[in-house]
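Below you'll find the structure, written out as structure tokens, and then a few comments.
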Amino acid sequence: MDRQTVGSANRGRLHVEVRTEGRSEVVTPVGELDHHTADLLREPLESAVEQGRTRLVVDCSRLEFCDSTGLNVLLGARLKAEAAGGGVHLAGMLPMVARVFEITGAEAVFTVHDSLESALDT
């Protein structure tokens, strides 16, 4: 199976880019994060922590949608990163995605930055 998509009905709905910048692992989900695509983000986040890359910066600037399953992936990554001495920083959230975090109160448990640059500077 092509690991960039989950099932043929969801082809191309989410793509995840990963790169290392300084002490941060930058993970950029592009598209829609939901029940059908959540594993595409979960896997690189968990892999980074397993490899000792515990400062995770999720660049949300190209994330168009996030449902509760996507939120749970990010919360799970936060717990694993913090248990390993790191954390999860969210950067550049679009208004629709930011609203999900506001409504659920999840914004209170993440470090949220206006831009990727500011997340990398801290």
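The values are calculated or read from the model by the stated rules, or taken from the named source; none is laboratory data. Remember, predicted model here, so these are calculated numbers, not experimental data. Here the Cβ is made from the backbone with ideal geometry for all residues, glycine too, and neighbour counts use every protein chain on show. The accessibility values were calculated without ligands, DNA or RNA, using every heavy atom of the protein model including side chains. Shrake-Rupley method; radii C 1.70, N 1.55, O 1.52, S 1.80 Å.
Over the chain, what is the relative contact order in whole percent, taking alpha-carbon pairs under 8 Å and six or more residues apart? Mind dumping the intermediate values first?
Details: 224 pairs, mean separation 27.2, N = 122.
Relative contact order, the chain: 22 percent.
Taking amide H as placed 1.01 Å from N in the peptide plane, the amide H of H113 sits under 5 Å from that of L90, A91, G92, each at least 5 places away or on another chain.
Given R₀ = 22 Å, FRET efficiency for D121-S61 by Cβ-Cβ distance, to 0.05? Show your work: numbers first, answer last.
Details: r = 16 Å, r/R0 = 0.72.
Once the sixth-power term is evaluated, E becomes 0.90.
Simple spin-label estimate for L79 and E43 gives 2.2 nm between the two label positions (7 Å along the Cα-to-Cβ direction from each Cα). Dipole magnitude for segment 33-117: about 180 debye, using +1 per Lys or Arg Cβ and -1 per Asp or Glu Cβ, origin at the Cα centre.
In the chain, what percentage of the DSSP-assigned beta bridges are antiparallel, given to the nearest 5? In the chain, approximately 35 percent of DSSP beta bridges are antiparallel ones. Looking at [x] 68; [y] 63; [z] 51, which value of percent of Cα pairs over 17 Å apart comes from a calculation on the structure shown? Answer label, from the structure shown: [z]. Taking amide H atoms as placed 1.01 Å from N in the peptide plane, the amide H of L63 lies under 5 Å from those of G31, L94, each 5 or more residues away in sequence or on another chain. Given a 1.4 Å probe and the protein chains as shown, L120 ends up with an accessible area of around 50 Å².
Identify the trypsin sites (Lys or Arg not before Pro) of segment 16-79 meeting these criteria: DSSP loop state and at most 13 other C-beta atoms within 10 Å of the C-beta.
On the way: sites: R19, R23, R42, R53, R55, R62, R78; in loops: R23, R53, R62.
Sparse-neighbourhood loop trypsin sites (Lys or Arg not before Pro): R23, R62.
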